[in-house]
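Some notes on the structure that comes next.
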Amino acid sequence: MPSETATWMGIGVLALATYLTRIAGYLLGTRIREGSRTYRIIQTLPGCAISAVLAPSLINGSFLETSAICSAAVFFYFTGRILSALSVGLLISILGTHWLLG
């Protein structure tokens, strides 16, 4: 079991790495021109991250997971409200689990 000092040193190193990463992103981000190719690539990263998280659930998930994701996507498509769409998907998942188990 690691010592308490090693634990605090690990936390400190990770906090410093997180801080430096965020500062570097801010400093480098201010240098990117708005119409550049790099800017367009960076604009697509949030969608790519969401796709990377949801794709395995769509491919390997149960019918309930797939229907919750698809329902949230359809709701977002028609309303444009991301928080409401996430709430719809979560509600379908919770109610479906309750219905299946209960």
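The values are calculated or read from the model by the stated rules, or taken from the named source; none is laboratory data. None of the values given here were measured: they were computed from a predicted structure. With ideal geometry, Cβ positions are generated from the backbone for all residues, glycine too; neighbour counts draw on all protein chains shown.
The table below lists the values:
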item: Test for G29: is it at pLDDT below 85 and surrounded by 11 or more Cβ atoms within 10 Å (Cβ to Cβ); result: yes
item: Region 66-86, residues that are within 17 Å of T97 (Cβ to Cβ) and among the small types (G, A, S); result: S67, A68, S71, A72
item: Selection from region 16-65 of residues that are farther than 21 Å from T97 by Cβ and aromatic (F, W, Y); result: Y19, Y26, Y39
item: Helices (runs of 4 or more DSSP H) contained entirely in region 16-102, each with at least 1 residues that are acidic (D, E); result: 63-79
